Ligand code: NAP
């Protein structure tokens, strides 16, 4: 029996683990893919208080090592079921805990176009810093209008010969500072008020078809980087938590779900601001609340 099972080893979950381990609790962290969550793909973090500049990979690895050094057990097992009495079932095992923190974060949103899945790794990517190097001196397109798309386009502009930045609106959600840097790049072309409507190619990506109010046209590209935000993956928890209409976990006070002893932290929960700082804050609050309540305080 564990005191606490944490589902998801991103910044929220690993922060929960630090607090619980330091309180001498027996903690198990279950993660489906790899430690670090979304932040591991961030090229550079410049807004984390006290750390002026750090790569997402270094940040996530430091956090992971901090948890391991405290004796944290992290198992790469995909959770498939959680019951009200706090039995967690993975593909391989079954575990029981006094309390559970759900910190599963979000997944990258897809365009949901035909061929999108089959051409992943053959021209389609969701991570410029991971795959950008394969597109050295090639032509790429980035789709999206938030900070990820802007930063991906900037990163790729230093590697690729040409970068198309395609966004469905005429203005961007991402930071002005990054946008200004992009506007000064000779090899970046903005394609606004346009959507990608078709992925072209069979064995590999050959190009894309885009559409605006006036026309449809094809563009030849070697790579398409899809950076259109994230979506939650909380369906498996439907029996123990309430989900909002977008699939985020509801919590009246930001920590408690509708089931006693089951808490939520990080991007998986309903909230206005999803940032690294708010994820680690959630992780701390969820762990401290869980500890207090399991000790009957
Ligand atoms: P985001 O801010 O949610 O932006 C997603 C963008 O994709 C929006 O422009 C959206 O357009 C567009 N989009 C959504 N669905 C689409 C679809 N089906 N087809 C075409 N376009 C679509 O996501 P993000 O850029 O990944 O950023 C997520 C969060 O992380 C933000 O809070 C961001 O500030 C933060 N972040 C921070 C940093 C940093 O601080 N260094 C770096 C990256 C991300 P609409 O506006 O039309 O919906």
Distance from the stretch 99-148 to the stretch 1-72 (C-alpha centre basis), Å
22 Å
Per 0.36 nm of contour for each residue apart, how much would the distance between residue 62 and residue 89 grow if the chain were fully extended, relative to their Cα-Cα spacing?
6.9 nm
How tilted is helix 147-157 with respect to the longest principal axis of the chain? Cα atoms for both, answer in degrees (0 to 90, nearest 10).
50 degrees
Gyration tensor (alpha-carbon) shape descriptor, the stretch 73-129, a/c threshold 1.5
prolate
What order do you get for 243-252, 149-158, 125-134 when each peptide is scored by the mean count of other beta carbon atoms within 10 Å, highest first?
149-158, 125-134, 243-252
What number, in percent, do you get for the relative contact order of the chain if the mean sequence gap of Cα pairs under 8 Å and at least 6 apart is divided by its residue count?
21 percent
Rounded, prolate or oblate, given the Cα gyration tensor of the stretch 20-59, with a/c below 1.5 counting as rounded?
oblate
Residue 277-residue 34 pseudo-label distance in nm [points 7 Å out on the Cα-to-Cβ vector]
2.8 nm
Please say if the stretch 124-226 is rounded, prolate or oblate, where rounded means a/c under 1.5 for a ≥ b ≥ c the square roots of the C-alpha gyration tensor eigenvalues, and otherwise the choice is prolate for a/b larger than b/c and oblate otherwise?
oblate
So how long is each side of the chain along the principal axes, counting just the alpha-carbon atoms, biggest first, in Å?
63, 38, 33
Tell me, in nm to one decimal, what length is gained between residue 239 and residue 171 on full extension, where the rule is 0.36 nm per residue of separation less the Cα-Cα distance?
20.5 nm
Taking only Cα atoms, what is the 0 to 90° angle, nearest 10, from helix 56-69's long axis to the longest principal axis of the chain?
20 degrees
As I understand it, the value is the acute angle between the Cα axis of helix 276-294 and the longest principal axis of the Cα atoms of the chain; what does it come to in degrees, rounded to 10?
20 degrees
Tell me, Kirkwood radius of the stretch 61-202 from alpha-carbon pair distances, in Å?
18.4 Å
Could you sort the peptides 264-277, 64-77 by per-residue average Cβ neighbour count (10 Å cutoff), highest mean leading?
264-277, 64-77
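Quick note: the coordinates plus some simple rules give every number you see, no bench work behind them. Everything numeric in this text was worked out from a predicted model, so none of it was measured. Note that we place each Cβ from the backbone using ideal geometry, even for glycine, and neighbour counts take in every protein chain shown.
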